[in-house]
Amino acid sequence: MTDLGLETMKNRATGSKAQTWVLLLVFLPLASMGCRSQSPVADAVGGEEPPEKLSDYGLFAGNGSSQEPIPGVVPYDVNTALFSDYAVKYRFVKLAPGTSAEYRDAEVFDFPVGTIISKTFAYPESADDASKCGRLIETRLLIHKREGWIGLPYIWNEEQTEATLEIAGGTRDVSWKQADGTTKSISYIIPNVNQCMGCHENNRVMKPIGPKARNLNRDFDYPDGRENQLAHWTRLGYLRGSPPEQNAPRLPVWNDPSTGTLEQRAMAWMEVNCAHCHNPAGPARTSGLDLQLSQKDAYKRGFMKTPIAAGRGSGGRSYDIVPGKPDESILMFRIQSAEPGIAMPESPHRLIDQEAVALVRQWIQELR
């Protein structure tokens, strides 16, 4: 469906739950196409209409603008995050009472039905304003229903008092002050449900991306003290089967040299920003490019690998990665572009992650 078609359908909706449900009838079967033999919307969402308002889930205290979770909703962070036009993210997980996630050493944890994973995107007024939530833009929910996971985008109003379900996504004009004192402004893109599926597909099934042992194995400042997240989840009963943190894998923090080598940090950034598609089970599996940190085969990682079908995305270059020559590498060409059809990652974004581009460039430059 074209962007114009999405916008037309959005304009016809008035915001009522009934009309929101009509949009779900159109979008959710598309988002789950190929996931199962039957795709009735009632099965996909557990027979219930999704709430129109974020506050109806009861995840946060008050109206949710402070992002203060209620008891039972656990905040978390990741070692290396997906780049989202420099937005700040607030992450939370809520499990159904009496249930636990099963630990997986390499894959995403096996979360029980009823799990809600919440991620809010915001822009603080200035780079040193980390103590406040700033302006909330959207909250994305991943909900584990009986028939699988669904993704729903909720957009915050200008008053910052409520977020409303918007299946067709949208845009918001945002401005913020950077660390160097300059102000940056963009039209921030809020993805629709089909775009959510584009990133979260694994073997044609929608799944979470971030909650893996290697990305969660870090300390977090909880209200009652600092604790490793794997240990904290285990102590709460949210996680079963986790080894001690020192025996669990840990992903480097891409911009912290103390956490890994140059190559490890470059690969960590690509695993989070690229490998959810570029892996043997991801949406870009036909490319033959595997950018997971665990991939040790140099050719599969792109070294002197010719693209299968890059089109204009190759920029006239012949190989995905040319050791010692970043400007001859397709990977470098694509991650430093914001032009649709060329830019990688493909997830909607307006800006280029300049610091990560510099890291990857240095890594390729030093390859021999």
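Note on the stretch 257-366: Cα-only Rg and Dmax are 12.7, 38 Å. Legend: ranking of residues 149, 176 from fewest to most surrounding C-beta atoms inside 10 Å; resulting order 176, 149. Per-residue Cβ neighbour counts within 10 Å put 206, 270, 344, 304 in the sequence 304, 344, 206, 270, beginning with the fewest.
The dipole here belongs to the stretch 281-368: it is taken about the Cα centre, uses +1 on the Cβ of Lys and Arg and -1 on the Cβ of Asp and Glu, and is about 220 debye.
For the set 94/207; 94/119; 207/296; 53/177, the pairs lying more than 19 angstrom apart at their alpha carbons are 207/296; 53/177. Extension gain for residue 105-residue 164 works out to 17.6 nm (0.36 nm per residue, less the C-alpha to C-alpha distance). Neighbour counts of other Cβ atoms within 10 Å put 234, 120 in the fewest-to-most order 234, 120.
Think of the stretch 257-366 as having a plus end and a minus end, set by charges on the Cβ of Lys, Arg, Asp and Glu; of 272, 309, 294, 309 sits farthest toward the positive end of this dipole.
In terms of packing, defined here as the mean over residues of other Cβ atoms within 10 angstrom, the peptides 163-170, 314-321 line up highest first as 163-170, 314-321.
Computed from the coordinates by the stated procedures, all read-outs in this text should not be read as laboratory data. Note that this is a predicted model, so its numbers are computed, not measured. As a convention, Cβ positions derive from the backbone with ideal geometry for all residues, glycine included, and neighbour counts pool all protein chains shown.
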